[in-house]
There are 2 protein chains.
Amino acid sequence: MSERERVGFIGLGIMGAPVAMNVLKAGFPLTVWNRTASRMTPLTDAGAAAGDSPRDVASRSDITITIVSDTPDVEEVILGGQGALSGAAKGSVIVDMSTISPSVTKRIAARCRENGVAMLDAPVSGGDTGAKAGTLSIMAGGEEETFERVRPVFEAMGRTVTHCGPSGSGQATKLCNQAIGALNLLAMCEGIVLGIKQGLDPERLLQAVSNGAAGSWALKNLAPRTVKGDLSPGFMVKLQQKDLRLVMEAARELKAAMPGTALVHQLLNSVEASGNGDLGIQALITVIQKLSELKPYGEEE
Amino acid sequence: MSERERVGFIGLGIMGAPVAMNVLKAGFPLTVWNRTASRMTPLTDAGAAAGDSPRDVASRSDITITIVSDTPDVEEVILGGQGALSGAAKGSVIVDMSTISPSVTKRIAARCRENGVAMLDAPVSGGDTGAKAGTLSIMAGGEEETFERVRPVFEAMGRTVTHCGPSGSGQATKLCNQAIGALNLLAMCEGIVLGIKQGLDPERLLQAVSNGAAGSWALKNLAPRTVKGDLSPGFMVKLQQKDLRLVMEAARELKAAMPGTALVHQLLNSVEASGNGDLGIQALITVIQKLSELKPYGEEE
């Protein structure tokens, strides 16, 4: 039965499009919608139906998934006049996979519940590469029963699928994930800059330190590209900043002191001040390089 | 031929003792010395010879290894009146595996060279667990030829053995390793504290984030113990602080700006201020907990 759930997909951006494709490939009947309609074509060509609106998608789906940019977008596609909730049948599920504020998520979930619709927050980590490869980490919050119902769909998208707790716990976990990732990134940048300053060969440095007690996903995945001067985005600075703003808001609300994460957030402001918000997050190194009077990676001769 | 090199070992502390044992087990004829003589017994029981002094050890060895605590100790056991250099034959090698200042290392290497003795700096990462298991990361600086001569001995101790460049490069690489590890540690601590503040179950949080883009050695190895309140040392705060002092000295000397690493160094001062310098480095979390008015791990009810 769960194999045959009809799935709806709202938002076919960098993350949404490949994830929706994996759901389709896994055999779920799929209806999609995207604000820019042309982005639906690859999915409809592959066998998905096109919806007229989020509301239309939800009316034809047992499980409706939203994956859009920021909090206002999520509110619009779920709670708006043409939003998913207005079309969702009682007993259906809405799953928001965007990264937004945990407290807003809880409010949206409450509104869904009032209308007999279950909601999960299920943000992801792993970037567009992970989205394409189906290796995302999925962090879900909501009722255990709802989570188990949606699990087969999650398993079509990701490798690590965790039920983190009640509504909002997925978003809360994602914020922790982003804070940790941000500081691991700064670690990588300061380590490489200290290496360059000391006259070390950066590639040999990475070889020596990546598999030991300094090891991290950032060091293994971002650092080799970084020391080649490749600052192209896997994940953009401006999106990381959006997420760190959410981290800082949660920290402010709950009185969690996060001096390190705040520092990274500020240093990334400097990357954006240089007009580099569309670069990959490894562009953080350019700030440390400038502070140390080294020529920043990616700068023309 | 290289299999039969006679090895000397000076310093049988937490790191030195298991490393020396692995060298002995690999079949190298071994002579050992330690300031506290009783620590030699397990090695001599296993077949090593006991030297009378660093000088005596070096006079009976082709490759003399020192692994002691800090810069003055290294200077004493190598350059002192009874030091290894005074006993080392021309053409022999001295290898210092302690973590000390790269600039002092270069000075010691120059003194060795004047006396016809080659020197490598080869600090390690991986803690006492890695030392026992023979899985250390070894970061070596010095002449390529000398490195290749000592390589079979290194391979008896470690899994990742890297020649990082000329004299001092091993220490320089180790400082990068320590800076990166320190910030990964802060990442782990701030992430866990934000999770607790948000009401997440810390173990589920770790499960959700450890294999994704937030992943690190610290998250995988230290975090599971940390969230159980286990602050016992793999690597002690006070030793991490010694290493971060060396990082800060190098950063100062070379004008490398390392705002994140400096922050960790300061926060660990606070751990030491609480009298917890002998705890494991994961005790950094107690500072973030205190700053956030959470009960610190390890504190009595």
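The values are calculated or read from the model by the stated rules, or taken from the named source; none is laboratory data. Computed from a predicted structure; not experimentally measured. We place every Cβ from the backbone using ideal geometry, glycine too, and count neighbours over all the protein chains shown. These accessible areas exclude ligands, DNA and RNA; they are computed on the full protein's heavy atoms, side chains included. Shrake-Rupley method; radii C 1.70, N 1.55, O 1.52, S 1.80 Å.
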### Query
Restricting attention to the stretch B:97-104, does a residue exist that is open to solvent by less than 10 Å² (accessible area, probe 1.4 Å) and in a helix (DSSP H, G or I)?
no
### Query
Taking into account only those residues within the stretch A:210-226 that are in contact with a Gly (Cβ under 7 Å, 6 or more places away or on another chain) and under 27 Å from B:S101 (Cβ atoms), which is surrounded by the most Cβ atoms within 10 Å (Cβ to Cβ)?
A:S216
### Residue list for the stretch B:137-169, restricted to those being in a helix (DSSP H, G or I), open to solvent by less than 10 Å² (accessible area, probe 1.4 Å) and either over 16 Å from B:S125 (Cβ atoms) or at pLDDT below 95 (or both)
B:F147, B:V150, B:V153
### Task
Read through the list (1) within 19 Å of A:I14 (Cα to Cα); (2) at pLDDT 95 or above, then give the number of the only condition that A:R111 fails.
(1)
### Message
Return the residues of the stretch A:203-244 that are within 12 Å of another protein chain (Cβ to nearest Cβ), free of Cβ contacts under 8 Å to residues at least 24 places away in the same chain and under 19 Å from B:T162 (Cβ atoms); say none if nothing qualifies.
### Response
A:R204, A:L205, A:L206, A:Q207, A:A208, A:V209, A:S210, A:N211, A:G212, A:A213, A:G215, A:K220
### Query
Which members of the stretch B:128-147 meet the condition of being away from chain A (no Cβ under 14 Å) and more than 18 Å from B:C112 (Cβ to Cβ)?
B:K132
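Quick grid of which residues meet (1) within 30 Å of A:R159 (Cβ to Cβ); (2) hydroxyl-bearing (S, T, Y):
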{"position": "B:E155", "(1), (2)": "no, no"}
{"position": "B:T160", "(1), (2)": "yes, yes"}
{"position": "B:P166", "(1), (2)": "no, no"}
{"position": "B:A172", "(1), (2)": "no, no"}
{"position": "B:L185", "(1), (2)": "yes, no"}
{"position": "B:V193", "(1), (2)": "yes, no"}
{"position": "B:Q198", "(1), (2)": "yes, no"}
{"position": "B:W217", "(1), (2)": "yes, no"}
{"position": "B:K228", "(1), (2)": "yes, no"}
### Message
Looking at the stretch A:159-169 only, could you name the residues that are without any contact (Cβ under 8 Å) to a residue 40 or more places away in the chain and more than 7 Å from chain B (Cβ to nearest Cβ)?
### Response
A:R159, A:V161, A:H163, A:P166
### Query
Hey, any hits in the stretch B:115-125 for a residue that's part of a helix (DSSP H, G or I), assigned by TED's automatic domain parsing to the domain that holds B:I14, under 21 Å from B:R149 (Cα atoms) and open to solvent by less than 10 Å² (accessible area, probe 1.4 Å)?
no
### Message
Restricting to the stretch B:35-70, count the residues that are surrounded by fewer than 18 Cβ atoms within 10 Å (Cβ to Cβ), within 23 Å of B:R107 (Cβ to Cβ) and not charged (D, E, K, R).
### Response
1
### Message
For the stretch A:170-202: of the residues being open to solvent by 10 Å² or more (accessible area, probe 1.4 Å), closer than 21 Å to B:G215 by Cα and of a type outside the set (K, R), which is farthest from the other protein chains (Cβ to nearest Cβ)?
### Response
A:Q178
### Query
If you check A:S59 against the conditions, is it modelled with pLDDT under 95, of a type outside the set (K, R) and more than 26 Å from A:K238 (Cβ to Cβ)?
no
### Query
Where residues in the stretch A:245-265 are more than 9 Å from chain B (Cβ to nearest Cβ) and closer than 25 Å to B:L268 by Cα, which of them is surrounded by the fewest Cβ atoms within 10 Å (Cβ to Cβ)?
A:R252
### Query
Looking only at the stretch A:266-292, which residues are facing chain B (nearest Cβ under 7 Å) and surrounded by fewer than 20 Cβ atoms within 10 Å (Cβ to Cβ)?
A:L291, A:S292
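Let's see how each residue does on (1) more than 27 Å from B:L244 (Cα to Cα); (2) outside any helix (DSSP H, G or I); (3) among the basic types (K, R):
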residue	(1), (2), (3)
B:M21	yes, no, no
B:L24	yes, no, no
B:V32	yes, yes, no
B:R39	yes, no, yes
B:A58	yes, no, no
B:S61	yes, yes, no
B:I65	no, yes, no
B:D73	no, no, no
B:Q82	yes, yes, no
### Query
Would it be correct to say that B:G229 is among the small types (G, A, S), assigned to a loop (DSSP other than H, G, I, E, B), open to solvent by 30 Å² or more (accessible area, probe 1.4 Å) and outside the structural domain of B:L136 (by TED's automatic domain parsing)?
no
